[in-house]
1. Going residue by residue through region 108-131, is there one that turns out to be farther than 27 Å from ARG210 by Cα, at pLDDT below 95 and basic (Lys, Arg)?
2. Looking only at strands (runs of 3 or more DSSP E) that fall completely inside region 224-293, which ones have 2 or more residues that are buried (at least 23 other Cβ atoms within 10 Å of the Cβ) and in the same structural domain as GLY314 (by TED's automatic domain parsing)?
3. On the basis of being assigned to a loop (DSSP other than H, G, I, E, B), of a type in the set (Val, Ile, Thr), closer than 30 Å to ASP173 by Cβ and at pLDDT below 95, does VAL310 make the cut?
4. Being in contact (Cβ under 8 Å) with a residue 40 or more places away in the chain and basic (Lys, Arg), is that true of even one residue in region 104-125?
5. Out of everything in region 21-62 that is assigned to a loop (DSSP other than H, G, I, E, B) and in contact with a strand residue (DSSP E or B) (Cβ under 7 Å, 6 or more places away or on another chain), what residue ends up being farthest from LYS80 (Cα to Cα)?
6. When residues of region 313-358 are filtered for being surrounded by 13 or more Cβ atoms within 10 Å (Cβ to Cβ), of a type in the set (A, V, I, L, M, F, W, C) and part of a helix (DSSP H, G or I), how many remain?
7. Residues that are in contact (Cβ under 8 Å) with a residue 12 or more places away in the chain and surrounded by 19 or more Cβ atoms within 10 Å (Cβ to Cβ): which strands (runs of 3 or more DSSP E) entirely in region 134-202 hold 3 or more of them?
Amino acid sequence: MSSIMPHNPRTVMIVAGETSGDLHGASLVQAILELAPDVKFRGIGGRRMQEAGVELLAHAADMAVVGLTEVIAKFNQIRKVLNLMKADLAASKPDLLILIDYPDFNLMLGKAAKALGVKIFYYISPQVWAWRRGRIKKIRSIVDKMAVILPFEEQLYRNEDVDATYVGHPLLDTVTIKYTRAEALQQFGLNDGATTVGLLPGSRDTEIARLLPVMMNASEILVKKMPGTQFVLPLAETLDLESVGKILGQYSVPVRIVHHDTLDAMACSDLVIVASGTATLEAALLGKPMVIVYKVSPVSYYIGKRIIKVEHIGLANLIAGKTIVPELIQDEANPERIATEVIHILSDEARLRQIKQELREVREKLGEPGAARRAARLACDLL
């Protein structure tokens, strides 16, 4: 009588240390499960990855930082999680480690996985083209396959003998809206006849503390110069409503907070004031004129200014290779300057049309939807 051997499901460790990584990680997990339903996932992520089926060993919200000095404040916590993940790697010996952006942590974890003989798939490249290009050598030494999401990244890596494939940008699949503009304004309790400005101060507590007061001061200036202007704030799920509300309560300008339909809140805005990051590309894909702002600690800025090698920080400008929308960095990201840029854009119909046309061209450069499915096929090839 023949016996049937028990089937051991394949296991994947997946790590996303940022809110945007959680979104893209969830899409990737879902796409992999369509191809290989038996795969079991564990690692670091957020609500979306957990809902997609990942057993969370640590939460991405506890790992997210921006700026060099800001990393120091969370160093012990991040090191503790890194040690936890290394121990889990050694104990579980997964069939594959998937790393999503978050380079310093992920490359250290990847090195440990490589020593254990675990295959490594990197989805969403670190921005080596902007700063610390030397990391490519480390990537080449540990990564079995890289899936990149910006058109120029594939050749950059291939020139350095890294096995990289351009899969398209995952936001092309996730930036979708439920409502028409009129429906969204009604849903959010906003006036259909008023100019609407979206406020997107970031998804991290440090960004909110640094940028939201500046945006609110700019809003007070805008209301004086453009009476009737209304404001909407799409609240990132990593943020605490109470702490955001305390900041908003210090200002005379009312702001409508939107909890879940954040993309619709962006889409119904005439213009958004947005922290540099993923939200700038979301705004670009929605065709929204914007003013990009960026502030870190003085020490982080001093160091970063000397090592960052790109002319633009906003993804729309970076992909276009030119300045489509204004970028206000550090001291330039002040209320008066922000308000001035907003007024210049909204009061100039020709400039508005030009910005929207150039944002459409940015979308076209990113290719077709389906990045997660294409990346999933590459990951499954390693299983």
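The values are calculated or read from the model by the stated rules, or taken from the named source; none is laboratory data. None of these values were measured; they are calculated from a predicted model. So basically every Cβ, Gly included, is an ideal-geometry build from the backbone, and we count neighbours across all protein chains shown.
1. no
2. Details: elements: 230-234, 255-258, 271-275.
Ranges flagged: 230-234, 271-275.
3. Values: assigned to a loop (DSSP other than H, G, I, E, B): yes; of a type in the set (Val, Ile, Thr): yes; closer than 30 Å to ASP173 by Cβ: yes; at pLDDT below 95: yes.
Yes; evaluated as a whole, the condition is true for this residue.
4. Yes, region 104-125 contains a residue that is in contact (Cβ under 8 Å) with a residue 40 or more places away in the chain and basic (Lys, Arg).
5. Here the answer is VAL39.
6. Selection size over region 313-358: 13.
7. Once the strands (runs of 3 or more DSSP E) in region 134-202 are filtered for at least 3 residues that are in contact (Cβ under 8 Å) with a residue 12 or more places away in the chain and surrounded by 19 or more Cβ atoms within 10 Å (Cβ to Cβ), what remains is 145-148, 196-200.
For every residue, the table says whether it meets (1) of a type in the set (Gly, Ala, Ser); (2) modelled with pLDDT under 95; (3) farther than 27 Å from MET146 by Cβ.
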{"residue": "SER269", "(1), (2), (3)": "yes, no, yes"}
{"residue": "ILE273", "(1), (2), (3)": "no, no, yes"}
{"residue": "SER297", "(1), (2), (3)": "yes, yes, yes"}
{"residue": "VAL325", "(1), (2), (3)": "no, no, yes"}
{"residue": "ARG360", "(1), (2), (3)": "no, no, yes"}
{"residue": "GLU368", "(1), (2), (3)": "no, yes, no"}
